[in-house]
Each structure stands twice: as structure tokens, then as C-alpha cells.
Amino acid sequence: MITVKNEESTLAVDWSDGATSRFHSVWLRDNCRCEACGEPSIGRRTLRLSGIDLEVTISAAEALQDGDSEIVRIRWSDDHRGEFDGAWLRDNAYDTESRRKRAYRPELWTDQLREHPPSADYDEVMENDSAFCDFLETIHRHGLCFVEGSPAEPGTGANLARKIGFLQESNYGLVQDLIADRRHRSIGNDFHALKPHTDEPYRASPPGIMLFHCVETDENGLGASTFMDGFEIAETLRADDPEGFDALARYNQGFRRHFDGDIDLICEFPVISVDEFGHVCGVRINDRVASPACIDPESVPVYYRGMKRFLQLAEDDGRMIQKVLRPGDIAAFDNHRILHGRTELRFQGRRWLQWMQVERGDFYSTLRILSDRLGRHRNTLPLLRGAYGSSDCRKEEAEA
Ligand SMILES: [Zn+2]
């Protein structure tokens with residue numbers, strides 16, 4: 001049984017396990033879930049903060065049992081009354097310990113995972129909700145899942161992508177054909193190895209979930225796709241060189257891609273994004289499109305040291321999954337976490353991959369809805385973060 005103590009400007013809640021959380025009166029008033037204040041189950045609010053006195057206090061509070069659930073009943077100094085579900089309060093408690101517990105801690109890749117890369121069967125994923133949910137959870141947990149046994153026909157990857165969410169269009173189109181053909185000489189016909197990188201870090205929002213579908217290859221040809229866990233190499237950098245890691249999480253790296261014509265994409269984001277507790281939540285790493293970094297002059301040497309080490313780690317064969325994609329194979333991965341590249345292509349005929357992308361918000365929406373439908377726990381799903389910058393550095397600065 002939970003107990004509450006009215007401290008006027010805050011409410012102290014003692015949970016049944018002995019922990020205590022405090023909620024500010026104004027926070028509670030702002031999050032009131034009564035019918036007059038909105039319909040929070042679908043995210044609709046009729047309550048407006050502009051109508052709330054920031055100095056509002058709690059006049060009375062009590063915790064009581066209501067069937068299987070516990071509720072907290074509150075009356076505020078503005079005479080408004082509301083009720084909170086105890087479990088909801090616990091899920092949304094914002095004391096440091098509760099936030100830390102909820103913070104997403106990714107499982108890093110291990111040698112075992114590299115030896116047995118996560119994979120799924122195409123027909124199962126397409127036809128069975130449970131297998132599809134497993135596939136999405138695998139991408140969520142490990143950043144990557146291969147799908148095997150799909151028809152080696154153009155459009156197949158897009159069918160799977162559309163099941164995950166909406167296809168994202170860019171200047172490359174909705175579906176991009178990557179064709180390397182020995183029989184034709186053309187620009188774009190590139191056979192060289194590509195170092196592992198994340199795609200399009202020069203965008204304000206880089207591609208989220210990316211899918212490569214192999215339509216055609218020379219069966220005897222060589223040339224493997226490579227994948228790496230960007231979070232694993234970031235953590236390795238942190239262990240090797242904590243100052244270098246901090247510099248990459250703190251300062252913004254410029255990225256630019258200028259295409260002939262009328263496209264000029266430029267942005268600045270940290271190479272490593274961390275949450276308020278320092279957990280890595282996104283990486284942008286692509287040496288080919290780097291432009292000047294904005295760094296405090298004193299930190300230039302340590303930034304470059306960290307950057308070079310990070311790029312070296314991204315070339316470490318021992319941390320890669322190498323996989324020759326065969327016709328019908330799909331690689332699906334989170335581009336805010338996973339680096340991809342390829343070894344040199346050695347074959348006579350043609351290699352044809354199709355690639356497409358789905359926004360990460362849509363991916364997590366599908367995973368949540370499906371988890372609910374299948375009765376799986378969705379509490380372990382993180383709020384969307386990604387390679388959009390760091391929050392703990394700002395906190396440090398605010399404290400300084
Ligand atoms: Zn209300």
C-alpha cells in the first residue's frame with residue numbers, strides 16, 4: 001500500500017517497496033487526468049498550462065485502494081480535484097533514481113552475437129504477428145536483424161518496410177537502387193570497399209530504420225556487407241579514452257553533403273549522443289562527409305584524439321558482422337546505432353540492392369501497438385532518442 005504526505009508545494013509518495021518519490025504540486029496539476037482536463041489515454045489535453053497558477057499548492061491528498069489498483073486523490077488550492085493511478089505515478093516519477101532506472105541501457109554486441117547474427121524468416125515475419133514483433137524487438141535490442149528467404153524481386157524490401165512504417169522519401173527517392181555492374185562503366189559503379197559509417201549524418205534527421213534488400217548478385221561473387229554496433233565502439237572508446245569520448249559527446253561535428261543542382265545539406269551534431277545519465281543513445285559517424293567541427297580551442301587535441309580512435313575502432317574487423325547478401329536476403333538496422341559498409345566487390349556480373357528507410361518514431365509506434373495487441377510488456381521500450389545530441393553535457397554546463 002502506498003502512502004502520501006502533503007507537503008503543500010510537493011507530494012511525497014512512499015511506495016510499497018520503501019522507496020519515496022516527490023511530485024511537485026504544479027506538475028501534478030499540469031498532469032491532472034480528470035475528464036475536465038483531457039483524455040490522456042490518447043494523448044489529448046484540454047487543460048492548458050496558461051490557465052494554471054504556477055504557485056498552486058495541494059490542499060488535501062489521500063491514497064486509497066480501488067479494487068486492484070491504488071489511487072491518489074488530490075485537491076489543489078485552486079479547488080480543482082483529480083485522481084492519479086498509483087502505477088501511473090510510479091511509471092512517471094521523475095526523481096533521479098526513477099529516471100535513472102527508466103533510462104534505456106542498450107545491450108551491446110558480443111562475440112556470441114557476431115557468431116550468430118540475429119535473423120528471421122521472411123514468410124514468418126510477413127504472416128505471423130508474433131514473429132513480426134520478435135523481428136522488431138530484435139532491431140530494438142541489437143540494432144540489426146537479417147531477414148532471409150524473401151522473393152528476390154524488386155519491391156520486396158519495400159513491402160517489409162511498409163509493414164514497419166511509412167517509407168521515407170528523400171532526394172534519393174523512396175526506394176534507391178544500388179547497382180554495381182561489371183558490364184557497364186558508369187559513375188556510381190563503385191567496387192571499392194566502403195568503411196563502416198552511418199548514413200547521411202548531414203541531415204537534421206538521418207535515415208532511421210534502413211533496409212537493404214538483395215535482388216541480384218553473382219552467386220560466386222565476393223563482397224560482403226559489414227555491420228558494427230556503434231554503441232559498442234563508443235563504449236570501447238569511453239573505456240580507452242574517457243576524455244576523448246566526452247569531447248565527441250559534447251562538441252558538434254559539422255556534416256555536409258552538397259549535390260550538383262539545388263541540394264546543400266549541412267548540420268552540426270555530436271558524433272556520440274548521450275542521454276542525461278551518459279548512456280549512448282545515437283552515433284553519427286561518416287568521415288567522408290565531415291565538415292569543420294565547432295570545438296572549444298582548448299579541446300581540439302583531445303577531440304581529434306577521440307575522433308581518430310573512434311574511426312579506428314570502426315575499422316576493427318573483429319567487431320564486425322560480415323555477411324554476403326544473397327538474393328532474397330534483407331538487412332534491417334537502426335542507422336542511429338549501426339554502422340554499415342562493405343568489403344571490396346569481386347565478381348563478374350551484377351549486384352543489385354534496393355534500399356529504403358522508415359522513420360524511427362514510426363518503427364517504435366508499430367512496436368508499441370503490436371506489443372499491446374500481443375500482451376507483451378512495452379515498459380522496456382525507450383522513449384525515442386537517437387543521434388540528436390547529448391543531454392548530460394548541457395546539464396553539466398547548467399550546474400557549472
Ligand atoms: Zn483535472
Most fluctuating residue given options 311, 49, 28, as computed from a GNM of the chain linking Cα atoms under 10 Å: 49
Cα convex hull of the range 3-98 - mean projected area over all directions, nm²: 6.3
The range 252-262 - phi-based ³J(HN,Hα) in whole Hz, Karplus 6.51/-1.76/1.60, Gly and Pro as x: 8, 8, x, 9, 8, 9, 10, 9, 3, x, 10
Highest-fluctuation residue, 126, 210, 356 considered, GNM on the chain with Cα pairs under 10 Å: 126
Rg/Rg_ref, the chain, where Rg_ref = 2.2 N^0.38 Å and atoms are Cα: 1.15
Integer Hz, Karplus 6.51/-1.76/1.60 couplings in order for the range 13-20, x for Gly and Pro: 10, 8, 7, 5, 8, x, 6, 10
Cleavage-rule hits, GluC sites (Glu not before Pro), the range 217-296, DSSP coil, Cβ neighbours within 10 Å at most 12: 219
3J(HN,Hα) from dihedral phi, the range 273-286, Karplus parametrisation 6.51/-1.76/1.60, rounded to Hz, x for glycine, proline: 9, 10, 7, 5, 9, x, 6, 5, 10, x, 9, 10, 9, 6
Listed residues 16, 41, 3: farthest to the positive end of the dipole of the range 1-53 (Cβ charges): 41
Amide H within-cut-off set for residue 325, under 5 Å, with H built and near neighbours excluded: 225
Candidate lysines - alpha carbon under 17 Å from residue 5, same-chain residues fewer than 8 apart omitted: none
Within-13-Å neighbourhood charge of residue 66 [Cβ basis; K, R +1; D, E -1]: -4
Centre separation in Å (Cα based) which lies between the range 54-113 and the range 23-38: 12
Positive-end extreme of charge dipole, the chain - chosen from 57, 227, 140 (charges on Cβ): 227
Positive minus negative residues near residue 265 (Lys, Arg vs Asp, Glu; Cβ under 9 Å): +1
Percent of Cα pairs exceeding the 23 Å cut-off, where the set is the range 67-174: 58
Cα centre as origin, Lys/Arg/Asp/Glu Cβ charges: the range 111-399 dipole, Debye: 400
17 Å Cα-Cα reach of residue 323 towards lysines, excluding residues that sit fewer than 8 places from it in its own chain: 195
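Values quoted throughout were computed directly from the atomic coordinates according to the rules given, and no laboratory measurement underlies them. This one's a predicted model, so the numbers in the text were calculated from it and none came from an experiment. Every residue, glycine among them, receives a Cβ derived from its backbone with ideal geometry; neighbour counts consider all protein chains shown.
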